[in-house]
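Student: The structure is given below, and queries will be raised subsequently.
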Amino acid sequence: MWRSSPERELAASWEADAAAGRAPAAEAGEPPRVDAGAAGEPERPAREEQPKAVLQAPARPRAAEEGDARVARRLPPALPLAPPRPAARALCQLAKARGRGRGYRRGSGSLRPVTVDSSKARTSLDALKISLRQLRWKEFPFGRRLPCDIYWHGVSFHDNDILSGQVNKFPGMTEMVRKITLSRALRIMQNLFPEEYNFYPRSWILPEEFQLFVAQVRMVKDGDPSWKPTFIVKPDGGCQGDGIYLIKDPNDIRLTGTLQSRPAVVQEYIYKPLLIDKLKFDIRLYVLLKSLDPLEIYIAKDGLSRFCTEPYQEPNPQNLHHVFMHLTNYSLNIHSGKFIHSDSASTGSKRTFSSILCRLSSKGVDIKKVWSDIISLVIKTVIALTPELKVFYQSDIPTGRPGPTCFQILGFDILLMKSLKPMLLEVNANPSMRIEHEYELSPGVFENIPSLVDEEVKVAVIRDTLRLMDPLKKKKETQSQHPEKPVTGKEDLDCEMTGDPDSNPEAHLPSICLKQVFPKYAKQFNYLRLVDRMANLFIRFLGIKGTMKLGPTGFRTFIRNCKLSSSSLSMAAVDILYIDITRRWNSVTLDQRDSGMCLQAFVEAFFFLAQRKFKMLPLHEQVASLIDLCEYHLSLLDEKRLLCGRRRRPQSSPPQEMNARTQSAAGSLAPRMIGANKLSHSRHALS
Ligand code: ADP
């Protein structure tokens, strides 16, 4: 149901970036990135920092991490300015600006820099330090007694008790992007919108869907005996290629031992990837989830391409075990003996994505189309993830209680097929932000040395994320949205009046490398956000703040308030539906924290109710119609409560206040989520 050819619109929008073979990484006026050094990528996401045994891959040296006996050679605390590269030029200008108060925030008459707590930054510390120096913000490497504006965490939201400011992780993100959870979230979307979500390979969850996997493969093979598929088995929560193996036959899955104790995803293997220099490669793209509600997504204009080190052949029984041919993980290929550390961003075993696009463009490939397909993939994937993230969010940061706001950089791993169609491999909640790579001095002896290509891409992503999250900028934006509010920071106003070039604290920085894609393209994608609206309904009926599962009373109230019971659906049948679905989901999900119905179980129940009520429509229309109906009845209920409240209070309060009170009385729906629940006149409800 591709309504208005978003690919075309997206492509048009990115045209400037991609013009004349210039890769999107290069902004107007920004020199093309051809001079950066290339190096192996130190991909060690924080949750993935444990050394792992890999099938047929040589033993890897331990990651040099904080607390490790073998400590990585850290960049010196006062890093000398980098050699003249685009980023370095900014640093030089920055040095000139020293002492002029740039980067310091003027408010209430005192100078105040943006403060960042980096005590939990772990492996992203080096890139963060460089970014903060470029921004001239104040770093607190050991934490701070007073609150900071921004907390930079290496691993997860739960690293600290934070009551204010902003933190660079969302609660629940790590759980959401695990292989099984991601597959489940995408499968719901594939059921609703099969064509729009065909960028994720068909997947089965093991062990629970093993029989289904066997049966479905047999069915397709019976229909087409020439079909000779390959599958890839990936342990849930695994990383760096750990425990991954390829199979030709479902019965080759290693059901004994590990699988029972370690769930996995088995997926169709993409056997025709795009090759460059006869090698398979994948793309790591950085995506900023700036806000969950309202949804705001940014994509970095450059990423990294990680190459295999053995020429690719389509899988056959002889090469199935060749990890250096089939798996693109840096952490594996660095040990192949053929890994090439190159001084150029466009050669070697790790290159910038922009260099790949340049090369494709020179061969006549429509790279605007490639980019727009990638943007589309990213937006759709985030849309699949947000409903459950909202449930985590309201549980961890209940409305009305003090807490930080969140943002997060995600690492999207994407494979380009030979046809140039991008396919999603996985999403990383903690993409490696290391800017050094391992260098083998002599056999088995490794040293970490700075990697220019990592530094160029990753420092830009961190620095520009911080620029977008700048609390002062946010304050200014809020002020410009509420012009009636007096400008309190006199000096901000002065700067604008005088036109002093120094008044722009970012004048010395390169143009921002993150591009907004949502809400920019919201119109083309909003129709996909059905599960998001279901999550709003779910959260409204959760009742007690802080829970993530719906109790039987909450489910009954949902049915009653939305007027879904009828002569053909008694409340007894509703109770049976609740018990049946809840029990099944609780037996398969890992999360046993609360009892009750999780969001996915609610979605299943919702699909069931929608199918019953609107039999003749396609699934997504059934579901959309039921959501409309529910939202309509709930808005009537809210209005009724509003009127009752007015009658009880003869000296009526101002309408906005009244509204907020009544809405919060109507349930536990967080005010930030009420927008999605506004009056919606369903044709079905009105007919
Ligand atoms: P990990 O988190 O362990 O790195 P991934 O899902 O990223 O797991 O898979 C590891 C590598 O395996 C990828 O980088 C890619 O090269 C390859 N791969 C993964 N899934 C597929 C697939 N469906 N088809 C082809 N190659 C794949």
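Student: Restricting the stretch 583-599 to residues that are modelled with pLDDT of 90 or more and either part of a loop (DSSP other than H, G, I, E, B) or surrounded by 17 or more Cβ atoms within 10 Å (Cβ to Cβ) (or both), which is nearest to the chain's Cα centre (by Cα)?
Tutor: Leu599
Student: Can you name the condition, by its number, that Lys350 falls short on among (1) over 28 Å from Ile205 (Cβ atoms); (2) modelled with pLDDT of 95 or more?
Tutor: Every listed condition holds for Lys350 apart from (2).
Student: Report yes if Phe281 is under 30 Å from the mean Cα position of the chain (by Cα), within 17 Å of Phe412 (Cα to Cα), in contact (Cβ under 8 Å) with a residue 12 or more places away in the chain and within 12 Å of the ligand (Cβ to nearest atom), otherwise no.
Tutor: yes
Student: I would also like to ask the following. Among the candidates Arg401, Arg463, which residue alone is in a loop (DSSP other than H, G, I, E, B) and farther than 30 Å from Asp366 by Cβ?
Tutor: Of the residues listed, the single one that is in a loop (DSSP other than H, G, I, E, B) and farther than 30 Å from Asp366 by Cβ is Arg401.
Student: Sticking with this one: Quick one: which of Ser336, Ser305 is out of contact with any strand residue (DSSP E or B) (no Cβ under 7 Å at 6 or more places or on another chain) and either farther than 30 Å from Gly172 by Cα or within 13 Å of the ligand (Cβ to nearest atom) (or both)?
Tutor: From the options Ser336, Ser305, the qualifying one is Ser336.
Student: Same structure, new question: Return yes or no: is Glu440 over 15 Å from the mean Cα position of the chain (by Cα), more than 16 Å from the ligand (Cβ to nearest atom), farther than 20 Å from Glu139 by Cβ and not aliphatic (A, V, I, L, M)?
Tutor: Considered against the rule, which asks whether it is over 15 Å from the mean Cα position of the chain (by Cα), more than 16 Å from the ligand (Cβ to nearest atom), farther than 20 Å from Glu139 by Cβ and not aliphatic (A, V, I, L, M), Glu440 comes out as yes.
Student: Please go through the stretch 534-558 and pick out each residue that is surrounded by fewer than 22 Cβ atoms within 10 Å (Cβ to Cβ) and in contact with a helix residue (DSSP H, G or I) (Cβ under 6 Å, 6 or more places away or on another chain).
Tutor: Passing the criteria: Gly543, Gly546, Met548, Pro552.
Student: Restricting attention to the stretch 169-182, does a residue exist that is more than 17 Å from the chain's Cα centre (by Cα) and without any contact (Cβ under 8 Å) to a residue 60 or more places away in the chain?
Tutor: no
Student: Inspect the stretch 412-423 for any residue being β-branched (Val, Ile, Thr), part of a helix (DSSP H, G or I) and within 27 Å of Asp464 (Cα to Cα) and give the result as yes or no.
Tutor: no
Student: If only one of Phe231, Phe210, Phe199 is more than 14 Å from the ligand (Cβ to nearest atom) and touching a Pro at 6+ places or on another chain (Cβ under 9 Å), which one is it?
Tutor: Being more than 14 Å from the ligand (Cβ to nearest atom) and touching a Pro at 6+ places or on another chain (Cβ under 9 Å) holds for just one of Phe231, Phe210, Phe199, which is Phe210.
Student: Then there is this: Counting only residues that are farther than 22 Å from Leu357 by Cα and more than 9 Å from the ligand (Cβ to nearest atom), how many does the stretch 415-430 have?
Tutor: Number of matching residues: 2.
Student: All but one of (1) free of Cβ contacts under 8 Å to residues at least 40 places away in the same chain; (2) surrounded by fewer than 18 Cβ atoms within 10 Å (Cβ to Cβ); (3) within 16 Å of the ligand (Cβ to nearest atom) hold for Val220, so report the exception by its number.
Tutor: Checking Val220 against (1) free of Cβ contacts under 8 Å to residues at least 40 places away in the same chain; (2) surrounded by fewer than 18 Cβ atoms within 10 Å (Cβ to Cβ); (3) within 16 Å of the ligand (Cβ to nearest atom), the one that fails is (3).
Student: Go through (1) β-branched (Val, Ile, Thr); (2) closer than 28 Å to Ala610 by Cβ; (3) assigned to a helix (DSSP H, G or I) for Ile205 and report which single condition fails.
Tutor: Failed condition: (3).
Table: residues versus (1) crowded, with 18+ Cβ neighbours inside 10 Å; (2) at pLDDT 95 or above; (3) assigned to a helix (DSSP H, G or I).
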residue	(1), (2), (3)
Lys228	no, no, no
Cys239	yes, no, no
Leu246	yes, yes, no
Lys290	yes, yes, no
Pro311	no, yes, no
Asn316	no, yes, no
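The values are calculated or read from the model by the stated rules, or taken from the named source; none is laboratory data. Being a predicted model, the structure only gives us computed values, none of them experimental. Every residue, glycine as well, gets a Cβ built from its backbone with ideal geometry; the counts of neighbours run over all protein chains shown.
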